[in-house]
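Below is one structure, written out as structure tokens, with a few remarks after it.
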Amino acid sequence: MRLTRTRKTTIAAVLTLTAAGAVGVSLSNSSAAPSAHRGADVTTNAKLDPLNNSAASGHAQVTISGSNLKVVLNARRLLKGMPHAEHIHFGPKARHECPSVRDDSNSDHRLNTAEGTPAYGPVRISLTTKGDTSPDSTLAVNRFPTAPKGRISYSRTIHVKPALAERIAAGKGVLVIHGIDYNHNGKYDFKGAGKSELDPSLPAEATDPVLCGRLQ
């Protein structure tokens, strides 16, 4: 599936966005972080609650085994047939929680991705369906689930750095899904909320968060 602009334009915008480090993307883990969890596996769960007055809902489970994360995610009532970027966020200075209306810094009655960053932190893992899962794929539009019939059923095992696995095992990761159809016309466009704060060539509908949950 494609956005309302051509795939070529979208991917070019994505490359510009990721190269610029939008959304506070961090490409390396803290060298001061503790070693990864050792011994028995740790399973964390998140109830995915709606953001931006969406009707979406979902649940995510991440099982940490050493430096491997088995991610299982199910969500429903999403925009059908359109890509939904999904990530695990973490930042040492973040609040390790989902944003609220108090984070709407410009008082436009919606939360964009940047406004949520102080709550959930930068992208650390991109939950793509194939290929790279690093922050470099934050908006790899053609490799995120497209929600057939409005649902996403995602499962993938991802290898991460030990320090990041430790943080997620400690319950400090936040899972966020993006993409919301504000004007209910069945696609992402600029009429619903204008341009994305991340890149003016992308509609805000494609990048605003729709679901969020802390992995506990």
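The values are calculated or read from the model by the stated rules, or taken from the named source; none is laboratory data. Just so it is clear, the structure is predicted and the values come from calculations on it, not from any experiment. For neighbour counting, all protein chains shown are included, and Cβ atoms are generated from backbone atoms with ideal geometry for every residue, glycine included. Just the protein is used for accessible areas: all its heavy atoms, side chains included, with ligands, DNA and RNA removed. Shrake-Rupley method; radii C 1.70, N 1.55, O 1.52, S 1.80 Å.
Can you run down the residue pairs with Cβ atoms below 8 Å, 6 or more apart or on separate chains, where the first is in segment 101-112 and under 15 Å from residue 50 (Cβ atoms) and the partner is open to solvent by 100 Å² or more (accessible area, probe 1.4 Å) and of a type in the set (A, V, I, L, M, F, W, C)?
Between residues of segment 101-112 that are under 15 Å from residue 50 (Cβ atoms) and residues that are open to solvent by 100 Å² or more (accessible area, probe 1.4 Å) and of a type in the set (A, V, I, L, M, F, W, C), the close pairs are 111/101.
Name the one entry in 102, 110, 95 that is within 21 Å of residue 193 (Cβ to Cβ) and part of a loop (DSSP other than H, G, I, E, B).
From the options 102, 110, 95, the qualifying one is 110.
Residue-wise test of (1) farther than 20 Å from residue 206 by Cβ; (2) at pLDDT 95 or above; (3) touching a His at 6+ places or on another chain (Cβ under 8 Å); (4) of a type outside the set (Asp, Glu).
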| site | (1), (2), (3), (4) |
| --- | --- |
| 71 | yes, yes, no, yes |
| 80 | no, yes, no, yes |
| 88 | no, yes, no, yes |
| 93 | yes, no, no, yes |
| 98 | no, yes, no, yes |
| 106 | no, no, no, yes |
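For residues in segment 170-184 being in contact with an Asp or Glu (Cβ under 9 Å, 6 or more places away or on another chain) and among the aliphatic types (A, V, I, L, M), which is most open to solvent (accessible area, probe 1.4 Å)?
Only one residue tops the list, namely 180.
Considering 193, 206, which residue is within 16 Å of the chain's Cα centre (by Cα), over 14 Å from residue 56 (Cβ atoms) and aliphatic (A, V, I, L, M)?
206
Within segment 38-48, can one find any residue that is part of a loop (DSSP other than H, G, I, E, B) and buried (at least 19 other Cβ atoms within 10 Å of the Cβ)? Full working, then the answer.
The first filter runs over segment 38-48 and keeps only residues part of a loop (DSSP other than H, G, I, E, B), leaving 38-41.
From what is left, the residues that are buried (at least 19 other Cβ atoms within 10 Å of the Cβ) are none.
Checking segment 38-48: not a single residue is part of a loop (DSSP other than H, G, I, E, B) and buried (at least 19 other Cβ atoms within 10 Å of the Cβ).
Scanning for something of a type outside the set (Lys, Arg) and part of a strand (DSSP E or B), does segment 185-204 turn up at least one residue?
Checking segment 185-204: at least one residue is of a type outside the set (Lys, Arg) and part of a strand (DSSP E or B).
List the residue pairs whose Cβ atoms are under 7 Å apart, where the first residue sits in segment 137-160 and is within 12 Å of residue 82 (Cβ to Cβ), the second is assigned to a strand (DSSP E or B) and open to solvent by 50 Å² or more (accessible area, probe 1.4 Å), and the two are 6 or more positions apart or on different chains.
The qualifying pairs are 150/76; 152/74.
Residues to consider are 147, 140; find the one that is open to solvent by less than 50 Å² (accessible area, probe 1.4 Å) and under 13 Å from the mean Cα position of the chain (by Cα).
Only one candidate passes the filter, namely 140.
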